[in-house]
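*Asks:* Let me begin by handing over the structure; questions about it come next.
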Amino acid sequence: MVPGVKALIFDVFGTLVDWRRSVAREAERRLNACGLSVDGSAFADAWRGEYQGAMEEVRAGRLGFCPLDLLHRRNLDIVLARWGFASTDVPESVRLELNHAWHRLDAWPDVGPALQRLRQDYRLAPCSNGNISLMVDLARHNGWHWDAILGAEVAGDYKPKPVVYRRACEALGLTPQEVMMVAAHSDDLAAAAACGLRTGFVARPEEYGGHRVEDRPLVPVDFVFGAGL
């Protein structure tokens, strides 16, 4: 690891959790129970496809900051309507439970053991666009132990805005050079590096089911993890 680093902060969606398979599984189960036949993977992709656009509304100031849970719900309703599903097809109770699927995402198999190992030498925290309650539920679902929960809700804005990375360092009482951002996405790492953080890349070639593969960093980084963490 890079000398001088005292804390590791992690992207979560895609880097630590397999969001696509987890959401696909719940979408198929809950929508099939409503008598609707859906391809869970295609539905997960469509839902995730609204993610950046919704956050850009906040980053650009067109929408006040709100937790990701609310953006996920907004996006869910958009996708259901686009797929031709009315409120009578998917009742509110099902929408609420489906939206909560993001709180039950399964970790990649290497993550739990890696976090236990890394926690012996570093302070660990998520630095995610997910809200705090979502991060708490993911930690409990997967048996993770964080030293803090940082990210968008702490900063009041969404990555890759610089304030998110800077507030994370400030909350830990460390300089940016003492903090490493760990992610599977080069744009996240480039934004962190621009704020002075050290950066670590981890490949997650199956994040999109083998599509849009980023199997190596597309920007200079300080450290590349091996196969997974």
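*Asks:* Taking only C-alpha pairs under 8 Å that are 6+ residues apart, what is the relative contact order of the chain in percent?
*Replies:* Over the chain, the number comes to 24 percent.
*Asks:* What do you get for trypsin sites (Lys or Arg not before Pro) in the range 1-71 restricted to DSSP loop and a cutoff of at most 11 other Cβ within 10 Å of the site's Cβ?
*Replies:* Qualifying residues, ordered by number: R62.
*Asks:* With θ taken as phi - 60° and the coefficients 6.51, -1.76 and 1.60, list the Karplus ³J(HN,Hα) couplings across the range 37-50 in order, rounded to whole Hz; mark glycine and proline as x.
*Replies:* Karplus-based 3J(HN,Hα) across the range 37-50 equals 9, 9, 7, x, 5, 5, 5, 4, 4, 5, 5, 5, x, 8 Hz.
*Asks:* Is the shape of the range 60-172 best called rounded, prolate or oblate, per the rule: a/c under 1.5 gives rounded, else a/b larger than b/c gives prolate, else oblate, with a ≥ b ≥ c the square roots of the Cα gyration tensor eigenvalues?
*Replies:* oblate
*Asks:* Could you please tell me the mean projected area of the C-alpha convex hull for the range 1-137, averaged over all directions and given in square nanometres to one decimal?
*Replies:* 9.8 nm²
*Asks:* Return the sequence-ordered ³J(HN,Hα) values of the range 125-135 in whole Hz as given by the Karplus equation 6.51 cos²θ - 1.76 cosθ + 1.60 applied to θ = phi - 60°, using x for Gly and Pro.
*Replies:* Values, residue by residue: 7, x, 10, 10, 7, x, 6, 4, 4, 5, 5 Hz.
*Asks:* Now for a separate question. Relative contact order of the range 26-104: what whole-number percent is it, with Cα pairs under 8 angstrom and at least 6 residues apart?
*Replies:* Here the relative contact order equals 34 percent.
*Asks:* Let me ask something else. In debye to the nearest 20, how big a dipole does the chain give about its Cα centre with +1 on each Lys and Arg Cβ and -1 on each Asp and Glu Cβ?
*Replies:* Using only the charged Cβ atoms, the result is roughly 260 debye.
Bear in mind these aren't lab numbers, they're just calculated from the coordinates by the rules spelled out. Given the structure is predicted, the values throughout are model-derived calculations rather than measurements. Please note: Cβ atoms are built from the backbone with ideal geometry, for glycine as well, and neighbour counts cover all protein chains shown.
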